[in-house]
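Written below as structure tokens is the structure these notes are about.
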Amino acid sequence: MLNIYRRLIAVQIRSQMQYPISFILDAFATGMATFISFITVALVLQRFDHIAGWKLGEVAFLFGSVETAFSGFDPDHFAFHIRLGRLDQLLLRPVNVTVQVLGSQFAMRRLGRVAQGVLVLVISFQLVDIQWTPAKIAFLPVVIFSMICFFGGLFITGSTITFWTIQRIEAVNIFTYGGTEMMSYPMSIYNDWMRRFFTYILPAIFLNYYPALYILDKPDPFGMPAFAPFLAPAAGLGLLLAALAFWNYGLAHYQSTGT
């Protein structure tokens, strides 16, 4: 299945690279939108010095890590399959439906956003004197991978809902695109109800904020257990597995639109 998925993605890449200038401009525009957003934050922090005790380099670490990890399957693309009855075609093929759907779209323009996220993350390393240890160096890729799983789970959940709604529901963007904005800043700036939601309902706080506290050697203002920074893999993989279970439930109860 992984080999089939790799081949499907390769086809997507080759098709988009037929117009290299268009790809370069699209990726550049996507990346610049992300970088301008960071520049805006930097200008604000230059005026006020810090936000809830977090200086520019520390906020850049949060911003860069979450943008590096952000990618996913767009629910609007899957709704297109549902509306036009194209999912019926996928169900007839002797290949896993999930692999076919996930391999049916690979927006290379998002690489521009990822590249800008990596750039901001590297900038944060220059602005903050991080006391690197072998454990921290090994843990950072785990955190990035956990956030990739987290956002992937959110996108898959949003796509699964379209089995019943047919059309894409914009509320999903609150947790996907809105989630990246929320995780780009220290959680201590948010209201109690919001922190509780993103701690006990949707555990986003363990994916970026608490790992950042560990890597940057910052104190925990909420008094969570000492193992809280290391819950990122459980939170990310847990949400992804739950989303895949929901996806399989949606497939089992799928009824064609008749188109």
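The values are calculated or read from the model by the stated rules, or taken from the named source; none is laboratory data. Everything numeric in this text was worked out from a predicted model, so none of it was measured. Cβ: placed from backbone, ideal geometry, glycine included. Neighbour counts: every protein chain shown.
Scanning the stretch 123-156 for residues being surrounded by fewer than 20 Cβ atoms within 10 Å (Cβ to Cβ), of a type in the set (F, W, Y) and within 20 Å of the chain's Cα centre (by Cα) gives a total of 2. Just so you know, in the stretch 41-54 the residues that are on the phi < 0 side of the Ramachandran plot and not in a helix (DSSP H, G or I) include one that is modelled with the lowest pLDDT, and it is H50. Residues considered: V95, V11. Of these, the only one that is surrounded by fewer than 16 Cβ atoms within 10 Å (Cβ to Cβ), part of a loop (DSSP other than H, G, I, E, B) and either free of Cβ contacts under 8 Å to residues at least 24 places away in the same chain or among the aliphatic types (A, V, I, L, M) (or both) is V95. Comparison of I130, I137 shows that the only residue that is of a type in the set (A, V, I, L, M, F, W, C) and touching an Asp or Glu at 6+ places or on another chain (Cβ under 9 Å) is I130.
When I169 is tested against (1) over 18 Å from V59 (Cβ atoms); (2) assigned to a helix (DSSP H, G or I), exactly one condition is not met: (2).
Is it the case that some residue within the stretch 50-69 is without any contact (Cβ under 8 Å) to a residue 40 or more places away in the chain and not basic (K, R)? Checked against the condition, which is being without any contact (Cβ under 8 Å) to a residue 40 or more places away in the chain and not basic (K, R), the stretch 50-69 yields at least one hit.
Which of the residues spanning the stretch 172-199 are part of a helix (DSSP H, G or I), in contact (Cβ under 8 Å) with a residue 40 or more places away in the chain and surrounded by 14 or more Cβ atoms within 10 Å (Cβ to Cβ)?
Filtering the stretch 172-199 for residues part of a helix (DSSP H, G or I) gives 172-175, 177-183, 187-189, 192-199.
Filter once more, so that each one left must be in contact (Cβ under 8 Å) with a residue 40 or more places away in the chain: 172, 180, 183, 188-189.
Of everything in the stretch 172-199, those that are part of a helix (DSSP H, G or I), in contact (Cβ under 8 Å) with a residue 40 or more places away in the chain and surrounded by 14 or more Cβ atoms within 10 Å (Cβ to Cβ) turn out to be V172, T180, M183, S188.
Take S159 and tell me if it is touching a Pro at 6+ places or on another chain (Cβ under 8 Å), buried (at least 21 other Cβ atoms within 10 Å of the Cβ), closer than 30 Å to S256 by Cα and not charged (D, E, K, R). Against the criterion (touching a Pro at 6+ places or on another chain (Cβ under 8 Å), buried (at least 21 other Cβ atoms within 10 Å of the Cβ), closer than 30 Å to S256 by Cα and not charged (D, E, K, R)), S159 qualifies. Residues in the stretch 15-40 that are closer than 17 Å to R110 by Cβ, part of a helix (DSSP H, G or I) and either more than 20 Å from the chain's Cα centre (by Cα) or not small (G, A, S) (or both): 15 in all. Looking only at the stretch 212-222, count how many residues are closer than 21 Å to A138 by Cβ and either among the aromatic types (F, W, Y) or not in a loop (DSSP other than H, G, I, E, B) (or both). Residues that pass the stated criteria total 5.
One residue alone among P229, P225 is more than 17 Å from the chain's Cα centre (by Cα), outside any helix (DSSP H, G or I) and modelled with pLDDT of 90 or more, and that residue is P225.
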